[in-house]
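The values are calculated or read from the model by the stated rules, or taken from the named source; none is laboratory data. From a predicted model like this one, the values you see are computed outputs, not experimental measurements. Note that each Cβ is placed from the backbone with ideal geometry, even for glycine, and that neighbours are counted across all protein chains shown.
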Amino acid sequence: MLLFDAHCHLQDERLASCLPEVLNRAERAGVRQMLCCGCHERNWDSVLALAQAHPQIVPSFGIHPWYMQGMTNGWLVTLERFLSGQPSGVGEIGLDHAVTPRADEEQEAVFIAQLRLARSLKRPVSLHCRKAWERLRKILNQEGGIGWGGLIHSYSGSAELVKPLEEMGLYISFSGAITRPGNKRGHRALATVSPERLLIETDSPDLPPVGTPAVAGTPAVAGTPAVAGAASVVNEPANLALVAAAVAGILGRTPGWVAEQTFANANRLLAGIMKC
Ligand SMILES: [Zn+2]
């Protein structure tokens, strides 16, 4: 079974500090490729170094709405330099109405600037959206959609919004959050996604799926989102099979079908920025 982790953060200290083991476990679990997203200027260098050292790591650079403090005046020029320097995606970028302090105007300006840069370079985007679905839809409409390709990571929107987002050019990615039995909204949304638009991800080191094993040597980290059976566990790409199994159960398919479909989808979306 070959898997593609469509969204993770291997540059995070919790994973970077034990990367050889993390990548070994990923390989043994069948995770052949990983899209690794930078979230602010300070970690773009780390993402780039990881991608240069490991062909299975596909880099993406962006400013996440949680990390707008500390942006330099020249951030957009720096971003363009990173993107022009190597095949890479744009993200993690997006909107978040649940974050505090919340500065909508600035969030939207930073988001739109990155979207336009992605369009001009034809780079796939990785979107973050939390409790801002109407604004996201409106902005994407105003910007003419994402015809060149993108994904919404850890989808938490409604089932009704899936089709309009697909029509705007987006793939829909599900994380460990879909493994929670109580996540009925997520389960309903998943059931409406077109097979050729479906992706899976770990968002590691966060969002450990239910059933994540405690790995020897992996430090428990306070503040990891509590998931039944997996609280305080550092998530990693090797756990993607748990997401595939949960998605398969909800859709009435086999894990092998989910792996094959999502692997093909990720390869189609990211073909222009992959080395292997
Ligand atoms: Zn993320």
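Looking at the stretch 119-137, is at least one residue among the acidic types (D, E) and either crowded, with 22+ Cβ neighbours inside 10 Å or not in a helix (DSSP H, G or I) (or both)?
No; the residues of the stretch 119-137 include none that is among the acidic types (D, E) and either crowded, with 22+ Cβ neighbours inside 10 Å or not in a helix (DSSP H, G or I) (or both).
If you scan the stretch 216-248, which residues turn out to be away from the ligand (no atom under 16 Å from the Cβ), at pLDDT below 75, buried (at least 16 other Cβ atoms within 10 Å of the Cβ) and aliphatic (A, V, I, L, M)?
Selection gives A230 alone.
For every residue, the table says whether it meets (1) of a type in the set (G, A, S); (2) touching a helix residue (DSSP H, G or I) at 6+ places or on another chain (Cβ under 7 Å).
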position: A6; (1), (2): yes, yes
position: G38; (1), (2): yes, yes
position: N43; (1), (2): no, no
position: A49; (1), (2): yes, no
position: P55; (1), (2): no, no
position: P59; (1), (2): no, yes
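Taking interchain pairs and intrachain pairs at least six residues apart, which have beta carbon atoms under 6 angstrom, with the first residue in the stretch 2-15 and modelled with pLDDT of 95 or more and among the aromatic types (F, W, Y) and the second assigned to a loop (DSSP other than H, G, I, E, B) and within 13 Å of the ligand (Cβ to nearest atom)?
none
Looking at (1) over 18 Å from E92 (Cβ atoms); (2) polar (S, T, N, Q); (3) within 16 Å of the ligand (Cβ to nearest atom), which is the one condition that is false for S17?
(3)
How many residues does the stretch 1-18 hold that are within 18 Å of P55 (Cβ to Cβ) and either assigned to a strand (DSSP E or B) or acidic (D, E) (or both)?
5
Determine, yes or no, whether L151 is of a type outside the set (V, I, T), outside any loop (DSSP other than H, G, I, E, B) and under 18 Å from A266 (Cβ atoms).
yes
Here is a yes/no grid of residues against (1) under 18 Å from the mean Cα position of the chain (by Cα); (2) within 15 Å of the ligand (Cβ to nearest atom); (3) surrounded by fewer than 15 Cβ atoms within 10 Å (Cβ to Cβ):
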{"position": "R25", "(1), (2), (3)": "no, no, no"}
{"position": "R32", "(1), (2), (3)": "yes, no, no"}
{"position": "L48", "(1), (2), (3)": "yes, no, no"}
{"position": "H54", "(1), (2), (3)": "no, no, no"}
{"position": "V58", "(1), (2), (3)": "yes, yes, no"}
{"position": "W75", "(1), (2), (3)": "no, no, no"}
{"position": "L79", "(1), (2), (3)": "no, no, no"}
{"position": "D96", "(1), (2), (3)": "yes, yes, no"}
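Would you pick out the residues in the stretch 29-68 that are in a helix (DSSP H, G or I) and under 12 Å from C8 (Cα atoms)?
Initially, the stretch 29-68 is screened for residues in a helix (DSSP H, G or I), giving 41-53, 65-67.
Hit for the stretch 29-68 is V47, nothing else.
In the stretch 79-138, how many are closer than 18 Å to D45 by Cα and aliphatic (A, V, I, L, M)?
4
Would you mind finding the one in R119, R81 that is farther than 27 Å from F263 by Cα and without any contact (Cβ under 8 Å) to a residue 60 or more places away in the chain? Give the derivation first.
Numbers: R119 fails: farther than 27 Å from F263 by Cα.
Checking each option against the conditions leaves just R81.
Could you please tell me which pairs satisfy a Cβ distance under 9 Å, a separation of 6+ or placement on different chains, a first residue in the stretch 102-114 that is touching a residue at least 40 places away in the same chain (Cβ under 8 Å), and a second residue that is of a type in the set (F, W, Y)?
Matching pairs, first to second residue: V110/W75.
Report the residue count in the stretch 145-197 for those that are among the β-branched types (V, I, T) and more than 16 Å from the ligand (Cβ to nearest atom).
The number of residues fulfilling the criteria is 5.
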